[in-house]
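Chemist: Have a look at this one before I ask anything.
The values are calculated or read from the model by the stated rules, or taken from the named source; none is laboratory data. Source: prediction; values computed, not measured. Every residue, glycine as well, gets a Cβ built from its backbone with ideal geometry; the counts of neighbours run over all protein chains shown. Ligands, DNA and RNA are excluded from the accessible area calculation, which covers all protein heavy atoms including side chains. Shrake-Rupley method; radii C 1.70, N 1.55, O 1.52, S 1.80 Å.
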Amino acid sequence: MRLLLTNDDGIDCLFLHRLIEALRSAGHETAVAAPRREQSWIGAAKSRHRPVHAAAIDKGLSCPTWSVDGTPSDCVAIALAHLLPEIGWARPDAVVSGINVGFNLSLGFILASGTIGGAWEGAVHGLPAVAFSQDLSLESFDAWHTSGHVPTPELAETLNQSAAQAARLLPALVTSSPADGFVVHNVNLPFPCTAASIVRRTVPARVQVAGLFGPADADGRHAFAFNRGEDRSPAAAPTDRAAVAAGYISHTVLDYTVLGSFTPPA
């Protein structure tokens with residue numbers, strides 16, 4: 001397949017690079033348009049009020065690569081309309097976003113995710129769209145950032161396995177996507193992830209996320225303060241959060257046509 005890749009952690013993110021390597025090893029053609037800087041928690045935002053700069057760049061990925069000074073959605077929209085035609089691609093077979101640094105699980109996080117926003121932009125253009133995210137322990141997440149994005153041996157092994165799992169799963173996800181279906185496949189990989197990790201079909205957990213900002217400082221500024229939220233899911237629901245916590249790969253089908261469904265009253 002011909003695949004357009006993006007992410008929200010930025011063009012230099014190792015998680016993106018490992019996914020590209022795995023996809024190319026599986027025989028797929030790849031092209032990459034990713035944000036110049038991290039764009040986490042940006043959702044499907046577009047840069048409406050300023051021009052967006054895109055430039056070809058060599059990141060050693062052995063495929064056409066562009067750095068875009070915008071959001072993940074900007075990256076995909078600009079690539080589809082202007083960048084891919086430059087290399088002779090009329091249209092990719094799918095848009096793939098990730099692998100994200102951290103999970104994208106539950107209703108409390110999905111709509112805010114820049115990773116899912118990038119995939120959603122592909123779906124808006126009528127393409128199969130898949131978002132991959134990597135769950136991390138709090139300790140691994142902190143170590144990743146405090147080390148300057150150098151993975152621990154455990155994280156490096158999980159990332160290699162997760163990228164291989166993503167490459168294995170992707171063809172079936174793409175072929176199962178309805179034409180012009182407005183569907184995003186949201187795949188969350190557990191920590192640790194292994195070659196034996198099993199996929200579970202899930203629904204988004206009903207997580208309420210409140211208090212993401214701390215109290216004001218002396219200048220009236222509120223600093224971001226992450227929390228995982230409160231899970232209000234029914235006890236028997238096969239949720240994405242429960243699956244990943246149990247060590248499974250979570251696959252949730254985000255079918256946005258459901259938002260427009262209508263049943264006439266009796």
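Chemist: In what sequence, highest mean first, do 167-175, 136-144, 90-98, 18-26 appear when ranked by Cβ atoms within 10 angstrom?
Modeler: Per-residue mean Cβ counts within 10 Å order the peptides as 90-98, 18-26, 167-175, 136-144.
Chemist: Testing the spin-label approximation: label points 7 Å from Cα along Cα→Cβ at residue 37 and residue 194. State their distance in nm.
Modeler: Using points 7 Å along Cα→Cβ, the separation is 4.1 nm.
Chemist: Once you charge only the Cβ atoms, +1 for Lys and Arg and -1 for Asp and Glu, what is the size of the charge dipole of the chain about its Cα centre, to the nearest 20 debye?
Modeler: 480 debye
Chemist: Please report the spacing between the Cα centers of the range 216-264 and the range 186-200 in Å, no decimals.
Modeler: Result: 18 Å between the Cα centres.
Chemist: Measuring from label point to label point, each 7 Å out along Cα→Cβ, what is the residue 29 to residue 222 span in nm?
Modeler: The modelled label-to-label distance comes out at 4.8 nm.
Chemist: Considering the dipole of the range 178-263 built from charges on the beta carbon (Lys and Arg +1, Asp and Glu -1) around the Cα centre, which of 216, 243, 259 is farthest to its positive end?
Modeler: 243
Chemist: Using the heavy atoms of the protein chains alone and a 1.4 angstrom probe, what is the accessible area of the range 111-266 per residue in square angstrom?
Modeler: 52 Å²
Chemist: Expressed as a whole percentage, what fraction of the accessible surface of the chain belongs to carbon and sulfur atoms when a 1.4 Å probe is rolled over the protein heavy atoms?
Modeler: With neighbouring chains kept in place, the figure for the chain is 56 percent.
Chemist: Report the relative contact order of the range 98-253, percent, no decimals, based on alpha-carbon pairs under 8 angstrom and at least 6 residues apart.
Modeler: Value for the range 98-253: 29 percent.
Chemist: For a quick check: with amide H placed at 1.01 Å from N, whose amide H comes under 5 Å from residue 207's, ignoring anything fewer than 5 positions away on the same chain?
Modeler: For residue 207, whose amide H was placed from the backbone, the distant partners under 5 Å are 107, 108, 232.
Chemist: If each residue of separation counts as 0.36 nm, what is the full-extension length gain between residue 154 and residue 82 once their alpha-carbon separation is subtracted? Intermediate results must be reported in sequence, preceding the final value.
Modeler: Numbers: separation 72, 0.36 × 72 = 25.92 nm, distance 3.96 nm.
My answer for the length gained is 22.0 nm.
Chemist: Kindly identify the chain as rounded, prolate or oblate by the Cα gyration tensor criterion: order the square roots of the eigenvalues as a ≥ b ≥ c, call it rounded if a/c is under 1.5, otherwise compare a/b with b/c, prolate if a/b is larger, else oblate. Mind dumping the intermediate values first?
Modeler: Working: a/c = 1.21, a/b = 1.13, b/c = 1.07.
Note, shape of the chain comes out rounded.
Chemist: Return the calculated 222 nm mean residue ellipticity for the chain, to the nearest 500 deg cm²/dmol, obtained by summing -39500 (n - 2.57) across DSSP H runs with n ≥ 4 and dividing by the residue count.
Modeler: One gets -8000 deg cm²/dmol as the mean residue ellipticity at 222 nm.
Chemist: Please give the net charge around residue 163, taking every other residue with its beta carbon less than 13 angstrom from that of residue 163, where Lys and Arg add +1 and Asp and Glu add -1.
Modeler: Working: positive: 18, 24, 168; negative: 21, 157.
Charge balance in the 13 Å sphere: +1.
Chemist: Take every Cα pair under 8 Å in the chain that's 6+ residues apart, average their separations, divide by the length, and report that relative contact order as a whole percent.
Modeler: RCO, the chain: 18 percent.
Chemist: Suppose R0 equals 35 Å; then what is the FRET efficiency for residue 212 and residue 57 from their Cβ-Cβ distance, rounded to the nearest 0.05?
Modeler: Here the calculated transfer efficiency is 0.60.
Chemist: Between residue 232 and residue 175, what FRET efficiency follows from the Cβ-Cβ distance if R0 is 30 Å, with the result rounded to 0.05?
Modeler: The calculated FRET efficiency here is 0.30.
Chemist: Given a Förster distance of 30 angstrom, what is the FRET efficiency for residue 168 paired with residue 146, based on the Cβ-Cβ distance and rounded to 0.05? Write out the running numbers ahead of the final one.
Modeler: Numbers: r = 32 Å, r/R0 = 1.06.
The computed FRET efficiency comes out at 0.40.
Chemist: Something else now. Note down the net charge around residue 93, summing +1 for each Lys or Arg and -1 for each Asp or Glu among other residues with Cβ under 15 Å from its Cβ.
Modeler: +1
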